[in-house]
Amino acid sequence: QVQLVESGGGLVQAGGSLRLSCAASGRTFNSYNMGWFRQAPGKEREFVTRISRSGISTYYADSVKGRFTVSRDNAKNTVFLQMNSLKPEDTAVYFCAAQIRLTVSTAPNDYDYWGQGTQVTVSS
C-alpha cells in the first residue's frame with residue numbers, strides 16, 4: 001500500500017505558475033504509474049496527466065497540453081506537476097493517484113491509491 005500527500009497548491013493570478021508535489025510513502029514507488037486529476041465544484045473528477053513508472057512516458061489531457069508538465073523523482077518518491085500559464089478554468093482540487101496496473105488509463109477508477117488533494121485557485 002502507498003500513501004500519497006499533495007502540496008504546493010494556492011492562489012495565483014491568471015498567467016501565473018504553480019508547482020505541485022506528491023510525496024509517496026513506501027519502498028515500491030517506482031512500481032506505480034502516477035496520475036494527476038482535478039475536480040472543480042459541481043463537476044466530476046477529470047484526468048490531467050499521467051507518467052509511467054520510469055518517467056519516460058507521459059500523457060496529457062488536451063486542456064493542459066503545452067502548459068503543464070509532469071515529472072517524477074523515484075529516488076525521492078515524489079511526483080511533480082509544473083503548471084504554467086494558468087487559467088481561471090484550472091481552478092480545482094488537484095489529486096495525485098497511483099496505479100498498480102501497467103495499462104495506460106485516464107479513468108479515475110483505474111487508479112488504486114489517492115492523496116487528499118490540494119486546492120488550486122486561479123483568479124482572473
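Could you check how many residues of segment 8-36 are assigned to a strand (DSSP E or B) and over 20 Å from Ser123 (Cα atoms)?
First, the residues of segment 8-36 that are assigned to a strand (DSSP E or B): 10-13, 18-24, 33-36.
Those left that are additionally over 20 Å from Ser123 (Cα atoms): 21-24, 33-36.
The qualifying residues number 8.
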| task | Mind listing whichever residues of segment 47-91 are of a type in the set (Ser, Thr, Tyr), in a strand (DSSP E or B) and either free of Cβ contacts under 8 Å to residues at least 12 places away in the same chain or open to solvent by 50 Å² or more (accessible area, probe 1.4 Å) (or both)? | result | Thr58, Tyr59, Thr69
| Among the residues of segment 112-124, which ones are under 13 Å from the mean Cα position of the chain (by Cα) and either open to solvent by 40 Å² or more (accessible area, probe 1.4 Å) or at pLDDT below 95 (or both)? | Tyr113, Trp114, Gln116, Gln119
| task | Give me the pairs, please: first residue somewhere in segment 1-15 and within 17 Å of Val79 (Cα to Cα), second residue anywhere and basic (Lys, Arg) and open to solvent by 80 Å² or more (accessible area, probe 1.4 Å), beta-carbon distance under 8 Å, and either six or more positions apart or on two chains. | result | Gly8/Arg19
| Index of the failed condition, Ala97 passing every other in (1) small (Gly, Ala, Ser); (2) open to solvent by 10 Å² or more (accessible area, probe 1.4 Å); (3) closer than 21 Å to Val5 by Cβ | (2)
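Would you tally the residues in segment 24-44 being in contact with a strand residue (DSSP E or B) (Cβ under 7 Å, 6 or more places away or on another chain) and surrounded by 17 or more Cβ atoms within 10 Å (Cβ to Cβ)? Reasoning before the result, please.
Taking segment 24-44 first, the residues in contact with a strand residue (DSSP E or B) (Cβ under 7 Å, 6 or more places away or on another chain) are 24, 32-40.
Okay, now just the ones that are also surrounded by 17 or more Cβ atoms within 10 Å (Cβ to Cβ), so 24, 32-38.
The total comes to 8.
The values are calculated or read from the model by the stated rules, or taken from the named source; none is laboratory data. In this text, all values refer to a predicted model and were calculated from it rather than measured experimentally. Methodologically, a virtual Cβ is constructed for each residue, glycine included, from the backbone with ideal geometry; neighbour enumeration extends over all protein chains shown. What goes into the accessible areas is simple: the full protein's heavy atoms, side chains included, and nothing from ligands, DNA or RNA. Shrake-Rupley method; radii C 1.70, N 1.55, O 1.52, S 1.80 Å.
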